[in-house]
Structures are given as C-alpha cells and as structure tokens.
Amino acid sequence: MMNGTQYLESLKRRSPRIFYRGKRLANPYDHPALAPHVRTAAVTYDLAANGKHDDIMTATSALDGTKISRFTHLFWSVDDLIRKIAMLRLIGRETGTCFQRCVGVDGINAIWSVTYEIDRAKGTGYHKRFREFLLRLQREDLMSAGAMTDPKGDRSLPPWQQADPDLYVRIVERRSDGIVIRGSKTHITGAANSHEILVMPTLGLPPEGADYAVTCAVPIDAPGVTVVFGRQTNDERKEEEGRFDCGTPFGIVGGESTLIFEDVFVPDERVFMAGEGEFAGALVERFSAWHRANYGGCKGGNADVLLGATALLAEIHGTIKNAVVRDKLTEIVHLVETNYAGAVGSSALARQLPAGNWLVDPLLANTVKQNVTRFVYQVARLTHDIAGGILSTLPSDADFRSGEIGGLLEKYFAGKQGFSTGDKRKLIRYIEGMTSVATLVEALHGAGSPQAQRIVMLRQADLPEKARQAKKVIGIKDGDPKDK
Ligand code: SF4
Ligand code: FE
C-alpha cells in the first residue's frame, strides 16, 4: 500500500492532459486549484498506511491473500459493508469534505458482479479480465475514478437518437485487439487525481443502443483523454493557500471534472462490457445503491466537523448555553445520525450476488441518499442560523492583516474573552465553505439526483404486495364488488 506522499509521487509520474480556466496545467498536482483535493485523497492513503485503523481502513484480498486498502476491496460480507461505512465516517471526520475515492470501490464491485453474470449468460471472458485488472489495482494501490454520468444532450431522446451521437460515451470502432471510444463523462469526482478511470454506462440499453453499453478502464493519461477541472464558488481563495479565507486546507467537495474521450483506444484486457446493454441497467443500479448508502457515512463525518465548528463558534459568540441554540445543535445530531443509521442498516440487510460480493439493501440505500438531498441543506441552514450574518459579511483576511485597519477589525470582531479573533474567523470561513453551493449541490445531485432515488424507492417498496397485505388485514376480498 502507498502512503499519501507516495500517492502524490505516483500521480506526478503521469502526465495527464488537464485544463483549468482555459489553460493546460503543466504541474497539475501542485496547482492551487487541485492541490487541496489531492491532499484530501492522500488522507485515504495515509490512514490506511499508518496502521492505526487497520480494522476499517484495510482488508485482506480474496484474490491473492495480501493486505490491501479497503478502497480496492470487494465487499465479501455484511461486515465488509458496515466497515466501509465506518471508514467513510472516519475519513469524512478527518478531512471535513469529500475524499473522492469511494466511487472507485463501488465501481469495481459493480463491474465484478456484472462481468460474472455476462460471462455466465453469454460465454464471454470479461470477468477473468477484470480480475486481472483488479489484482493490479490492489497490488499497486491505485485510485480509480468512477465515470458514469454522460452529458445526455436532449434528455427526451435516447443516446442513439441524439443529434450528436457522441453525447453519451460509445464504441466508435471495434478492432481485433480492442475498442475505440468517443464521448464525454461529466461531474466526475476525483478524476483529475486518479490513476485510472472506470468508464461505465449511465443507463440500461436495448439492442439498438449496444454501442453505448461500454465498460472499460482507461489510464488518466491515455492518449485522447482530456480532463477539464471544474470551477467552484470561492475557488480563487485557494490561491491564498494557508490564509484564513481558504476555510480549509482540504478541498470543498470532490474536485469534479469533465472528461473528454477523443477516439481513445482501449485494449481488450481493459474492456469489461462491449455491447451487452441488457446488463447495463444492473450495473448502474448496483453501483448507485452502494454509492447512495455511502452518503450516510461520509456526510456524517463531514457533519461531525461542521457540528463541532458550529458549537465552537457558538461558544465564542457566548450563545452555547442558550437552550434554543442547543436545540438547533440537537437537530443537527438527529439529522446526521438518522442518515448514518440508514447507511449501516442498508449494509446490515445486504444480500449476496451470484459473483459472491454483497449488495446493500437498495430501498434503504436510496432512502439514505434521498434524506441527504434534504438533510445536508437543513444542517447548513441550522449552522447559518447559529453562526449569524457574519458568515457572508466578514471582511477579508487582507483587511485583518492591514497595518492601517487590522487593529480596528481585531477590536470590533472580538468574541468571548479567551478566544482569538483569528480562531473565530477560521471557524466562520470553514462553515461558509462547507455549506457553500458546491457542497449543497453535491449533496443534491451526487450519486444521482433526487428523482433517481424516488424511482428506485417506489419500485422497491412493492406497492402491489402492500395492497395485498392491506386487504388481508382489513378484510377486503377479491371478486364481485356486489358480494362485499
Ligand atoms: Fe466518497 Fe462521499 Fe465523496 Fe461520494 S461524496 S466520493 S461517498 S466522500
Ligand atoms: Fe459524491
């Protein structure tokens, strides 16, 4: 396994084509826009390598018996799934933000299970290929980004009827030794600082959409791959590294990128689905279920930091003993632990898939994510309520450092005796950053937009069965209405 420093060095040995604000970055991993996100992902390596959390950060590979990071592990049991949620809460608490690496672990589990089933139904050899790829991922402790969401163009039309057929990633050529893919994937968490990109379809596909049913692994610096790193609110503050106005040395959400594939050749050994559209839906649903359950863990860890910061700020404001403030803090606890309970519960009720790994309960997993789309906003509102208007009006760090007015600002922004104005400003900037629009939108649309969960929830809830049960309990009999 690598530690954080080795992870950074391993990234620097690659030369991906990364653009940010109109320019190709020569040293992307040192650039202030990316560096905080790289630092955050590096925590996933440090916590696994330092031996202090072995029980949740590491696992034993079922493929070769070696000790590996849990981020490259298949979920072989309920225990594995619960430990994953505990790991996400731990890292969420250590970083206070999205650490990006979970998309890859959910991706490898989805691909593991679906390649097994494709091979069994069609006599293909995808699963063995994937096993080889996964062994390398485990041995080299690589970070993989899960690339599922396509730009989608006109959403009323399927991929193959779009005016531009490239609006969903597709196979444009089949060669004797591999395939050529073209298209784009958007909002891809941690992509710029991953070693590998796991390309997966975004929806189930009928036979006419077979070219869009493609799952494969592409190195981040493969010829033809371009990464465009996204913008965020307040991102120019990252240029002031180490200054108070940054809010946090870590990233704010997952450093999402748009990926562009311009006729990228993928050799056979990296292709895990090429046309079997009838299996694409299962891949999407399983990946989504695992990833949606995660949010009860990682967002819980993030909220632990946010709750702590808000309570500290209330102490500096002198309001911490106020019953109304305490009640609002209690409400944050309630919202966070409700989601954590759902994440653990969906793991506890997992079932084994034919390939041997275990899938979380989809109804509970989707309910967790649905709650996150609301609760993260509610938590943010409560922190804003307690912190006060100063969250959006605090003068800049440069003003506090000004020889002319800094002393005046120190005087007038003082809080309770015994606390520095600097600490107060740090807390305000952290809460501001971690409840910014980037964080809220990630909670709403990350791992699928609210409606995507509701579709699964209603299907999984099995209304006909519930109606039958209602009839039984109430005493309603089927048959001629006149008989009743
Ligand atoms: Fe992991 Fe959470 Fe970030 Fe998703 S949002 S990648 S689960 S930390
Ligand atoms: Fe996410």
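The values are calculated or read from the model by the stated rules, or taken from the named source; none is laboratory data. As the structure is a computational prediction, the values presented were derived from the model and not from experiment. No Cβ is skipped: glycine too gets one built from the backbone with ideal geometry, and neighbour counts run over all protein chains shown. Accessible surface areas use protein heavy atoms only, side chains included; no ligands, DNA or RNA. Shrake-Rupley method; radii C 1.70, N 1.55, O 1.52, S 1.80 Å.
Summary table below
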item: Residue among PRO32, PRO28, PRO16 that is modelled with pLDDT under 95, under 22 Å from the mean Cα position of the chain (by Cα) and either surrounded by fewer than 20 Cβ atoms within 10 Å (Cβ to Cβ) or of a type outside the set (Val, Ile, Thr) (or both); result: PRO32
item: The stretch 82-111 - residue that is open to solvent by 10 Å² or more (accessible area, probe 1.4 Å) and out of contact with any Cys (no Cβ under 8 Å at 6 or more places or on another chain) and, of those, nearest to GLY204 (Cα to Cα); result: VAL103
item: Flag for GLY153 being open to solvent by less than 60 Å² (accessible area, probe 1.4 Å), assigned to a strand (DSSP E or B) and not acidic (Asp, Glu); result: no
item: Within the stretch 47-81, tally of residues that are more than 21 Å from LEU135 (Cα to Cα) and buried (at least 19 other Cβ atoms within 10 Å of the Cβ); result: 1
item: In the stretch 1-36, the residues that are touching a strand residue (DSSP E or B) at 6+ places or on another chain (Cβ under 6 Å) and hydroxyl-bearing (Ser, Thr, Tyr); result: TYR20
item: Every residue from the stretch 408-458 that is over 18 Å from the mean Cα position of the chain (by Cα), closer than 22 Å to ASP150 by Cα and buried (at least 17 other Cβ atoms within 10 Å of the Cβ); result: VAL456
item: Qualifying position, being of a type in the set (Val, Ile, Thr) and away from ligand 2 (no atom under 14 Å from the Cβ), among VAL253, VAL266; result: VAL266
item: Among (1) outside any loop (DSSP other than H, G, I, E, B); (2) at positive phi; (3) under 21 Å from the mean Cα position of the chain (by Cα) - the single one VAL253 does not satisfy; result: (1)
item: Top-ranked residue of the stretch 290-308 - restricted to ones that are open to solvent by less than 10 Å² (accessible area, probe 1.4 Å) and touching a Leu at 6+ places or on another chain (Cβ under 6 Å), ranked as farthest from VAL360 (Cα to Cα); result: GLY297
item: Only one of ALA274, ALA311, ALA222, ALA210 that is free of Cβ contacts under 8 Å to residues at least 40 places away in the same chain and over 23 Å from the mean Cα position of the chain (by Cα); result: ALA311
item: Matching option when the condition is on the phi > 0 side of the Ramachandran plot, more than 16 Å from ligand 2 (Cβ to nearest atom) and in contact with a Gly (Cβ under 6 Å, 6 or more places away or on another chain), among GLY247, GLY204; result: GLY247
item: Residue list for the stretch 256-279, filter: assigned to a helix (DSSP H, G or I) and either touching a Phe, Trp or Tyr at 6+ places or on another chain (Cβ under 8 Å) or within 30 Å of ARG24 (Cβ to Cβ) (or both); result: GLU269, ARG270, GLY277
item: Residue count for the stretch 53-88, restricted to those that are free of Cβ contacts under 8 Å to residues at least 24 places away in the same chain and in a helix (DSSP H, G or I); result: 2
item: Subset of the stretch 389-410 that is of a type in the set (A, V, I, L, M, F, W, C) and in a helix (DSSP H, G or I) - its residue that is modelled with the lowest pLDDT; result: ALA398
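This table checks each residue for (1) within 16 Å of ligand 2 (Cβ to nearest atom); (2) over 30 Å from ALA380 (Cα atoms).
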residue	(1), (2)
THR72	no, yes
ASP80	no, yes
ARG89	yes, no
ARG93	no, no
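To keep it simple, each residue is scored yes or no on (1) out of contact with any Phe, Trp or Tyr (no Cβ under 8 Å at 6 or more places or on another chain); (2) over 17 Å from SER184 (Cβ atoms); (3) of a type in the set (A, V, I, L, M, F, W, C).
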| position | (1), (2), (3) |
| --- | --- |
| TYR212 | no, no, no |
| VAL218 | no, no, yes |
| ASP221 | yes, yes, no |
| THR226 | no, no, no |
| PHE229 | no, no, yes |
| THR233 | yes, yes, no |
| LYS238 | yes, yes, no |
| ASP245 | yes, yes, no |
| GLY251 | yes, yes, no |
